[in-house]
Amino acid sequence: MADPKGFMKFERAEPKKRTHEERVHDWREVYADVDPAERDKQVRTQATRCMDCGIPFCHSGSSGCPLGNLIPEWNDLVRQGHWAAASDRLHATNNFPEFTGKLCPAPCEAGCVLSISPLSGGPVAIKRVEATIAEKSWELGLVEPQAAEVVSGQRVAVVGSGPAGLAAAQQLTRAGHEVTVFERDDRLGGLLRYGIPAFKMEKKHLDKRLAQLKKEGTKFVTSCEVGVDVTVEELRASYDAVVLAVGALRARDDTATSGRELAGIHLAMEHLVEANRQCEGDGPPEIDAAGKHVVVIGGGDTGADCYGTATRQGALSVTQLDQYPMPPTTRDDDRSPWPTWPYVLRTYPAHEEFGERTFGVAVKRFVGDEGHVRAIELQKVRVSRDKETGRREVVQLGDETEEIPADLVLLAIGFDGVEHMRLLDDLGLKLSPRGNLSCGPDWQTDAPGVFVCGDAHRGASLVVWAIAEGRSVAHAVDSYLTGASDLPAPVHPTALPLAVV
């Protein structure tokens, strides 16, 4: 039984980070190396803060973890030092806990009962506990290939090797199907490989999971664009079902602002992909922040990734712009009451290292010199929503402007959905008004035998939702091929996180 007063005895504690001076000069993860015995002791203390609530909102699909991670169970097992049992409980619901333990923003912690009041000292450090269980699982040799006991004789093609595609592939392989994952890039992993900087998650974690999948029997084909290198006719002839996990990488651009045509202005993913390729040994990037004044437009996760990447490349300055006002540092119960995802200021490790953030501003124009951007003209704005249409409006506040230097501008202003590709045209699939691929309650698109999951279905979202959808679509495909399935299905295609509207 958990200690109901654990949160009163112990304070919430984050893992120790390396110094700013050290970590900005390499691409390793920002957290400091800790002796495993000391790490285990610290994390067992953090797990003791879990009260094993009667109603654990932390693993509720609507307000907490969409995977349904059995958080109170493995917290208590960690508290007692039962690492193998904790690993079993964690892997029962999550194929890749090191991905979520390092990359997920932890809606489970927002839904923790200890988040109701700041007097509790803050939520349980669920993400830290999860990441440590994953580390211990590898250290103790608990992560092994799980080969299927019975082979179905059915073949499944998964298009895309991001977290959704990998989760679907692993589940279907373990169910006995012959699964082939097609990836158009030269390396596997999707955004985990080329979108997420190594200082957030080193690629060795991805490589270990890929090795596990290969040993289980999943096959992989890289540098292959389905619809071009493999036609839809060939795909249909060779496979009994197809899973589309192609992501939502059609980046939003700013074509209306004067000066957008100037050299030195790039979409965020162009910058991140090249930087990640350099870390993989592919040589220096063409888009390099070294010795430049860098401006990142957009206040979200992708913008923060560009921010930290530019810092490590040796930028002279880094400024991140956000149209919205600075969020509050604590939850506003009127705007985002517990257990919804709180609207608060989120400071990433990259923001602690270098540079600055500016809120409540918008770009009036890009200023150039000999065809290259050299500055940005800013104006103060207010963002509001039209009460009748719900449409977002950006209103200029006065005529005053400010000019800041900018040799490299990175646009991190979101994504408009799935990229236009021949594969979709040849399958006869059209994008929804939101730019995504729609499906029925069984995750099947309008093309028979073709299923969809992850960002391609949901839009750009969290890694935990991608894995949850990958597991769920595997259940649907298994049922389609065999008539029934024992695979878990943690989320429904229409599932949404709890929010105030």
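The values are calculated or read from the model by the stated rules, or taken from the named source; none is laboratory data. Treat the numbers as computed from the prediction; the structure is a model and nothing was measured. Neighbour counts are summed over all protein chains in view; Cβ atoms, including those assigned to glycine, are modelled from backbone coordinates with ideal geometry. Surface areas here come from the heavy atoms of the whole protein model, side chains and all, with no ligands, DNA or RNA. Shrake-Rupley method; radii C 1.70, N 1.55, O 1.52, S 1.80 Å.
Of note:
- Only one of the numbered conditions (1) in a strand (DSSP E or B); (2) closer than 19 Å to G303 by Cβ is not met by I413, and that is (1).
- Residues in segment 22-54 that are free of Cβ contacts under 8 Å to residues at least 24 places away in the same chain and under 27 Å from the mean Cα position of the chain (by Cα): E22, Y31, A32, D33, V34.
- Of the helices (runs of 4 or more DSSP H) entirely within segment 85-144, those holding at least 1 residues that are open to solvent by 10 Å² or more (accessible area, probe 1.4 Å), under 15 Å from A468 (Cβ atoms) and among the charged types (D, E, K, R) occupy 126-139.
- A search for C-beta distances below 6 Å between a residue of segment 3-19 that is assigned to a loop (DSSP other than H, G, I, E, B) and any residue that is open to solvent by 80 Å² or more (accessible area, probe 1.4 Å), counting only pairs 6+ apart in sequence or on different chains, returns P15/Y31.
- Any chance D305 is part of a loop (DSSP other than H, G, I, E, B), modelled with pLDDT of 95 or more and not small (G, A, S): no
- Residue within segment 452-472 that is in contact (Cβ under 8 Å) with a residue 60 or more places away in the chain and more than 27 Å from I196 (Cβ to Cβ) present: no
Residue-by-condition table, conditions (1) more than 24 Å from Y307 (Cα to Cα); (2) surrounded by 14 or more Cβ atoms within 10 Å (Cβ to Cβ):
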{"position": "V381", "(1), (2)": "no, yes"}
{"position": "D386", "(1), (2)": "yes, no"}
{"position": "G414", "(1), (2)": "no, yes"}
{"position": "D426", "(1), (2)": "yes, yes"}
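- Count of segment 61-75 residues which are open to solvent by 30 Å² or more (accessible area, probe 1.4 Å) and either touching a residue at least 24 places away in the same chain (Cβ under 8 Å) or touching an Asp or Glu at 6+ places or on another chain (Cβ under 7 Å) (or both): 2
- Cβ-Cβ under 8 Å pairs, at least 6 apart or on other chains, segment 386-397 side β-branched (V, I, T), far side open to solvent by less than 70 Å² (accessible area, probe 1.4 Å): V394/Q323; V394/A362; V394/V381; V394/V383; V395/V381; V395/V383; V395/S384
- Residue match in segment 271-281 (condition: open to solvent by less than 10 Å² (accessible area, probe 1.4 Å) and part of a loop (DSSP other than H, G, I, E, B)): no
- Candidate set: segment 282-301, residues that are open to solvent by 40 Å² or more (accessible area, probe 1.4 Å) and not in a loop (DSSP other than H, G, I, E, B); chosen: the one farthest from A406 (Cα to Cα): D301
- Which numbered condition T180 misses (of (1) β-branched (V, I, T); (2) under 23 Å from the mean Cα position of the chain (by Cα); (3) part of a strand (DSSP E or B)): (2)
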